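Participant: Take a look at this one; I'll ask things after.
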Amino acid sequence: MNVPLIDFNGRVRDRVRELRRRRIQRAAKILLGLMVVAGLAWVGVASPLFSVKKVVVSGNAIVSTDDVTKAAKVPMGVPLAQVDAAAISRRIVTLPAVARGDVALSLPDTVTIKIIERAVAFVVADGGGFAWVDATGATFNSSTERPAGVPLAVADLNDHQLLSDVATVVSALPSRLTDKVVQVTAPTRDSIVIATGERTQIVWGSAESSSLKGQLADTMTKAQPTCRSVDVSSPSHPITRC
């Protein structure tokens with residue numbers, strides 16, 4: 001009986017060729033993947049396809065769009081991936097009326113800037129107009145007319161701490177009294193006085209304990225609306241003068 005011969009050497013060669021083919025395929029796939037990643041990276045970082053072509057500004061009412069774009073200095077034509085959004089935001093807040101500037105990068109070619117402007121807490125008569133002051137005591141805008149419903153204060157515009165104290169006092173007033181304020185007089189930080197349209201004077205003193213003083217002023221003017229003076233400068237010993 002003839003026993004078939006087994007070609008072990010041939011099988012080994014076939015196995016070696018198969019392993020080599022698989023290695024080549026694996027290497028080709030890895031190389032292709034790297035090429036795809038490199039291509040995508042190039043498109044994102046260097047390709048003109050995703051370069052800045054538009055700047056969109058929103059949320060601004062006081063500051064003009066032109067002033068925002070000038071301050072932002074967005075690098076036109078630069079790939080979005082290379083744009084420093086944080087740096088743009090820092091440049092925007094150098095504008096006096098801007099409290100915050102949120103910058104977003106939108107594919108394929110847009111930088112979006114959302115402006116959050118300062119809110120006026122009170123105004124101070126200045127020359128022929130009115131200087132606008134926000135809750136931090138920062139002066140950020142001016143107008144020829146007094147904004148409707150905004151308290152008028154007499155204070156030194158060069159004294160930032162005094163302006164900040166006045167803002168604290170105004171914000172502590174309940175809305176019922178804020179609507180009636182005729183004038184806030186602040187010759188010094190410790191002698192703030194509020195005059196209302198009901199001919200009532202609220203002696204506030206300093207901005208310290210303003211939240212409590214606001215509650216006391218509200219309660220006392222409700223209880224004795226005809227009194228000409230309410231003194232909450234020492235909140236532990238409030239006084240009414242009728």
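The values are calculated or read from the model by the stated rules, or taken from the named source; none is laboratory data. This one's a predicted model, so the numbers in the text were calculated from it and none came from an experiment. A quick note on method: Cβ atoms are made from the backbone with ideal geometry, for glycine too, and the neighbour counts reach across all protein chains shown.
Participant: Go through the range 104-137 and give me each residue that's closer than 30 Å to Val182 by Cβ, small (Gly, Ala, Ser) and more than 15 Å from the chain's Cα centre (by Cα).
Facilitator: So the first thing to find is which residues in the range 104-137 are closer than 30 Å to Val182 by Cβ, and the list is 117-137.
This time we only want the ones that are small (Gly, Ala, Ser), so: 119, 121, 125, 127-129, 131, 135, 137.
Ala121, Ala125, Gly127, Gly128, Gly129, Ala131, Gly137 - these are the residues of the range 104-137 that are closer than 30 Å to Val182 by Cβ, small (Gly, Ala, Ser) and more than 15 Å from the chain's Cα centre (by Cα).
Participant: Another question, then. Taking the conditions exactly as written (loosely packed, with under 13 Cβ neighbours inside 10 Å, at pLDDT below 95, part of a loop (DSSP other than H, G, I, E, B) and of a type outside the set (S, T, N, Q)), does Ile6 satisfy them or not?
Facilitator: Numbers: loosely packed, with under 13 Cβ neighbours inside 10 Å: yes; at pLDDT below 95: yes; part of a loop (DSSP other than H, G, I, E, B): yes; of a type outside the set (S, T, N, Q): yes.
Yes; evaluated as a whole, the condition is true for this residue.
Participant: Mind listing whichever residues of the range 123-150 are of a type outside the set (A, V, I, L, M, F, W, C) and within 20 Å of Arg100 (Cα to Cα)? Quick ask: steps written out before the conclusion?
Facilitator: Looking only at the range 123-150, we keep the residues that are of a type outside the set (A, V, I, L, M, F, W, C), and these are 126-129, 134, 136-137, 139, 141-147, 149.
Hits for the range 123-150 are Asp134, Thr136, Gly137, Thr139, Asn141, Ser142.
Conditions (1) out of contact with any helix residue (DSSP H, G or I) (no Cβ under 8 Å at 6 or more places or on another chain); (2) touching a residue at least 12 places away in the same chain (Cβ under 8 Å); (3) among the polar types (S, T, N, Q); (4) not in a loop (DSSP other than H, G, I, E, B), marked per residue:
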position: Leu95; (1), (2), (3), (4): no, yes, no, no
position: Val103; (1), (2), (3), (4): no, yes, no, yes
position: Ile115; (1), (2), (3), (4): no, yes, no, yes
position: Ala119; (1), (2), (3), (4): yes, yes, no, no
position: Ala135; (1), (2), (3), (4): no, yes, no, no
position: Ala153; (1), (2), (3), (4): no, yes, no, yes
position: Asp165; (1), (2), (3), (4): yes, yes, no, yes
position: Arg176; (1), (2), (3), (4): no, yes, no, yes
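Participant: Anything in the range 198-222 that is polar (S, T, N, Q) and assigned to a helix (DSSP H, G or I)? List them, or say none. First the steps, then the outcome.
Facilitator: Step one: of the range 198-222, the residues polar (S, T, N, Q) are 200-201, 206, 209-211, 215, 219, 221.
Within the range 198-222, Ser210, Ser211, Gln215, Thr219, Thr221 meet the criteria.
Participant: Here is a further query. How many residues does the range 88-103 hold that are under 9 Å from the mean Cα position of the chain (by Cα) and surrounded by fewer than 18 Cβ atoms within 10 Å (Cβ to Cβ)?
Facilitator: Filtering the range 88-103 down to residues under 9 Å from the mean Cα position of the chain (by Cα) leaves 93, 98-102.
Then drop every residue that is not surrounded by fewer than 18 Cβ atoms within 10 Å (Cβ to Cβ), which leaves 93, 99-100, 102.
Matching residues across the range 88-103 total 4.
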